[in-house]
Amino acid sequence: MASKSLSVQEIDAGSHPLVMGADSLRALDRRLGEAEGSAHFVLGDENTLRHCLPELLAQVPRLRDAETIGVAPGEGSKSLPVCQDIWMHLTARAADREAILITLGGGVVTDLGGFIAGTFKRGVRCVHVPTSLMGMVDAAIGGKSGIDLGGVKNNVGVFHDPLAVHVHVPFLKSLGKRELLNGVAEMVKHGLVRDAAHWEAIQQAPLHDLDALAPLVERSATIKAEVVREDPRERGTRKALNFGHTIGHGIEAYSWEAGQRALLHGEAVAIGMVCEAWLSWRLGLLDRESNDRITAYLLELYKPFVLQGDEDHRIIELMRNDKKNSAGQFRFTLLTGIGAARVDVPITAAQVQEALEHYRLLIRV
Ligand SMILES: NC(=O)c1ccc[n+]([C@@H]2O[C@H](COP(=O)([O-])OP(=O)(O)OC[C@H]3O[C@@H](n4cnc5c(N)ncnc54)[C@H](O)[C@@H]3O)[C@@H](O)[C@H]2O)c1
Ligand SMILES: [Zn+2]
């Protein structure tokens, strides 16, 4: 957006711009002025409407007449009944094809809102305003939307590019520490697969200090945007973002069915990164010192998740269900150094088991 007076940074994420900086929300006001929507709807959950809507309305005057639509916080809102309610609501308010939906929330709200926008009247425009760290550095960027169905996450969805994604880091003020660390795991991953300096900076940063965190959030969002731009349909380089996610997904799914405690996605990915960095070292791709540093940092930041040896089979079975691991072979994204990844590395179930055993030994000491 051409503007001399606004302090914003605009990055091309391929099919949509990513807007960051102190005046990101003011830039949204301008964008909406140019877009000339017939009506504006703001979708949020109870937390984001309480904590973030007042600031959004203060900085985006064009939204003061917008209708707000609230959903319950949590993954449960990425569901067909919630979609039906929202479609009905939009219909009752006579929303037409020129209406614009603004999503204000974490990944749940941006995934749900992107799907609503992609389907209502065969597609209306939307803008994502992520409020969680996971949303800012990952979920809101790239145009993937979806809901859960039949117990399968993101089972139904569409690619629907937003008009733009506007990141406003101060929204993180009200985000809980556990949710913050959830997003930090993705930031660590961005550094490890793509940018050694970013990984170094994350390790130095006081994560609770938003002023220190802000440039790192923006760097991570930029990395996600660049990767999406290079590979919008996940054919090659975008797979680099799967680092930590192959084993991580297995552990995440396992934690939901095990009695212990349900892990957040980022918490499971942190364990996945410990295991997969070790596999990278084991295969001779990554040097030992780098592996040790990654392991030490992640183990300090994230609580251990106790895994019994007899649970490995179930975790491996859950990994097989993951759509990226078809045909019995696991294809991993591993590190070839700090800031560099290799995709599609074949790994056997026995090697996965060794990696899980390695994690077990690490958290025992
Ligand atoms: N589309 C994609 O490419 C993509 C990528 C990654 C994740 N996702 C999806 O994102 C979802 C997870 O996102 P998430 O971790 O943001 O979860 P979330 O949206 O449930 O947000 C986590 C919690 O934080 C609260 N919250 C959010 N912002 C807040 C704020 N500023 N202040 C106070 N509370 C706030 C929410 O109400 C919620 O309780 C999953 O459904 C996942 O599938 C999608
Ligand atoms: Zn992830």
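The values are calculated or read from the model by the stated rules, or taken from the named source; none is laboratory data. Everything quoted here is computed from the prediction, not taken from an experiment. Virtual Cβ from ideal backbone geometry, glycine too; neighbours counted across all protein chains shown. SASA here: full protein model, heavy atoms, side chains in, ligands and nucleic acids out. Shrake-Rupley method; radii C 1.70, N 1.55, O 1.52, S 1.80 Å.
Descriptive notes on the structure:
- Filter on K144/K173; K78/K121; K121/K177; K121/K173; K153/K224; K144/K303 - keep pairs with C-alpha separation over 28 Å: K121/K177; K121/K173; K144/K303
- Solvent-accessible area, 1.4 Å probe, carbon plus sulfur percent, for segment 143-224: 54
- Considering helices alone, the calculated mean residue ellipticity of the chain at 222 nm is -15000 deg cm²/dmol, with DSSP H runs of length four and up weighted by -39500 (n - 2.57) and normalised per residue.
- Distance between segment 200-224 and segment 40-119 - C-alpha centres, whole angstrom: 28
- Probing with 1.4 Å while keeping every protein chain in the model, the per residue accessible area of segment 83-223 equals 36 Å².
- Modelled label positions at E34 and D211, each set 7 Å beyond Cα in the direction of Cβ, lie 3.2 nm from each other.
- Scaling the Cα radius of gyration of segment 9-89 by the globular reference 2.2 N^0.38 Å produces a ratio of 1.23.
- Estimated from the Cβ-Cβ distance and a Förster radius of 45 angstrom, the FRET efficiency linking V158 and Q9 is about 0.95.
- Partners for K239 among aspartates and glutamates (Cα-Cα distance below 18 Å; same-chain residues under 8 apart left out): D138, E186, D195, E226, E230, D231, E276, D322, D344
- For segment 237-364, the solvent-accessible area of protein heavy atoms averages 43 Å² per residue (probe radius 1.4 Å; ligands and nucleic acids excluded).
- What the Cα convex hull of the chain gives, in volume per residue, is 130 Å³.
- Over 21 Å [Cα-Cα, segment 237-364], rounded percent: 31
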